[in-house]
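Below: one structure, written as structure tokens.
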Ligand SMILES: *Cc1c(COP(=O)(O)O)cnc(C)c1O
């Protein structure tokens, strides 16, 4: 595995897509999804200048965040579905939570978070049945419901595209999420600035960047 080579190649593609769509490279955050590997890979990537990591399992996440706690500049993203009963254990290790998908989960975060928690609301843009997340129509009412809570800050919206989507469909889904994010931002809810989008993975991040992604989640492309 040539981590340095893969990382360079992903960074090059990010730069190309950003330039191609008239965007600034700094506005696209690459999150390294390290769920497939142990903490040695995180250390290696950190030494290569990567400081944003994502995991999707609670125990592995806590283990890595604890081992690497000395690196205060690391930003820890949690991208998996989080069961309510595990919120207490993990929430205060998380910098960005990408899978807020119910009011019950928001209430649990409210209960256990020690400070304001940056969250992405997960949206099921494609309507695929197996996917978690709110439908496009449900997002605004959900954001309004959050006004009663004091620990949730909605920084943006997150989506996962269907595995088998064509590039045309990917443009459509990512474009829809970007539009919805801009609409939600205009509501001017103080606890939901909603200025960011978390969309795009190894197979589709270039399209996501063209459609305005600010956080892309890259796993397998780093480890080929
Ligand atoms: C695993 C995972 C990724 C990374 O996927 P790759 O195809 O390996 O880049 C991104 N987002 C979520 C939510 C994931 O679970």
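Read the figures in this text as sums done on the coordinates, not as results from a lab. Just so you know, these numbers come straight off a predicted model, no measurement behind them. As a convention, Cβ positions derive from the backbone with ideal geometry for all residues, glycine included, and neighbour counts pool all protein chains shown.
What is the diffusion coefficient of the chain in µm²/s, taking the Kirkwood radius over Cα pairs and the Stokes-Einstein relation at 25 °C with a viscosity of 0.890 mPa s?
Answer, rounded: 138 µm²/s.
For the range 70-179, the square roots a ≥ b ≥ c of the C-alpha gyration tensor eigenvalues yield an a/c of 1.5 or more together with a/b exceeding b/c, which makes the shape prolate.
Taking the number of Cβ atoms within 10 Å of each Cβ as an exposure proxy, the fewest-first ranking of 204, 145 is 145, 204. Each part gets one Cα centre, and for the range 149-194 versus the range 1-75 those centres are 22 Å apart. Working ranking of peptides 71-77, 96-102 by packing, defined as the average number of other Cβ atoms within 10 Å per residue, highest first, is 96-102, 71-77. How would the range 1-130 be classified by its alpha-carbon gyration tensor: rounded, prolate or oblate, with rounded meaning a/c under 1.5 and the a/b versus b/c comparison settling the rest? Oblate shape, in that a/c is at least 1.5 and b/c is the bigger or equal ratio. Per-residue ellipticity at 222 nm, computed for the chain from helices alone with -39500 (n - 2.57) per DSSP H run of at least four residues, works out to -11500 deg cm²/dmol.
Protection proxy ranking of 109-116, 213-220, by the mean of other Cβ atoms within 10 Å over each peptide's residues and highest first, is 213-220, 109-116.
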